[in-house]
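Below: one structure, written as structure tokens.
What follows is calculated from the coordinates using simple rules that are stated; it is not laboratory data. Note that the structure is predicted; figures quoted are calculated from it, not measured. For neighbour counting, all protein chains shown are included, and Cβ atoms are generated from backbone atoms with ideal geometry for every residue, glycine included.
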């Protein structure tokens, strides 16, 4: 009789453990699929970063959160140091506009850690100077960090608003065909891989009409977006930056 009770008790215990296991996994799965999880974003604001670009990125993320532009919320922080420690726990790194040469020459930026971060499945968004840095070569003169191995960048001198056109690969990113956006001596991009081009320069203000303006590439298991123009500057486009983050973090 005692032995039978032990067997019954043991069976009930096993069933109870299985119930909690399945319930817990269902909750985890539901959270992952509910769209309520947050995207952890790290923004570089150290040497070389343009303050107005960093501020604009923060403003866009706040507006995205406040106006529910995505079912995912963005939690963000800034850092003047980039290494494996500061990158830990984040989903996407944003390198804002600024001085690209300072990004290359800065001992506080460990580009090997950035490459490992992205290759392990995380995201990188490079805007203007960040796009120069993430490319393969700048003007063919000196190497970038090679996060987009098939992409080279060419310097241009235009400052002001221009128009970019979405490609078939970038229609969801730009929510349309043509978009006005700010440019501040950012790069014209070039690549032989047309599949990764998300937007092109639609006018000749830069002298590089039809050149890629925004490119989305992969590096290892992660995703990379390089953008010549500034979605965070006036005319500010928080929805575009939201869509870039969702793509880079593999949500879309």
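A viscosity of 1.567 mPa s and a temperature of 4 °C, combined with the Kirkwood radius over C-alpha pairs in the Stokes-Einstein formula, give the range 104-252 a diffusion coefficient of 87 µm²/s.
Before anything else, pin down the relative contact order of the chain: Cα pairs under 8 Å, at least 6 apart, normalised by residue count, whole percent. It would help to have the intermediate numbers written out before the result.
Working: 552 pairs, mean separation 46.2, N = 252.
Computed over the chain, the figure is 18 percent.
DSSP finds beta bridges in the range 37-148, and of those with both partners inside it, around 15 percent are antiparallel. Our note on the geometry: Cα centres of the range 131-189 and the range 93-130, 15 Å apart. In summary, the chain shows an alpha-carbon radius of gyration equal to 1.22 times the 2.2 N^0.38 Å reference for compact globular proteins. If the Kirkwood radius is taken over C-alpha pairs of the range 198-247, then at 4 °C and 1.567 mPa s the Stokes-Einstein diffusion coefficient equals 108 µm²/s. Fewest neighbouring Cβ atoms within 10 Å first, the residues 102, 184, 217, 141 line up as 141, 102, 184, 217. Looking at the chain alone, DSSP beta bridges between its own residues are antiparallel in about 55 percent of cases. Peptide packing: for 165-175, 195-205, 81-91, the average count of neighbouring Cβ atoms within 10 Å per residue gives the ranking 195-205, 165-175, 81-91, highest mean first.
What list do you get for 247, 145 if you sort them by fewest beta carbons within 10 Å? Kindly include the intermediate steps, with their values, before the conclusion.
Values: 247 20, 145 24.
Taking fewest neighbouring Cβ atoms as first place, the list is 247, 145.
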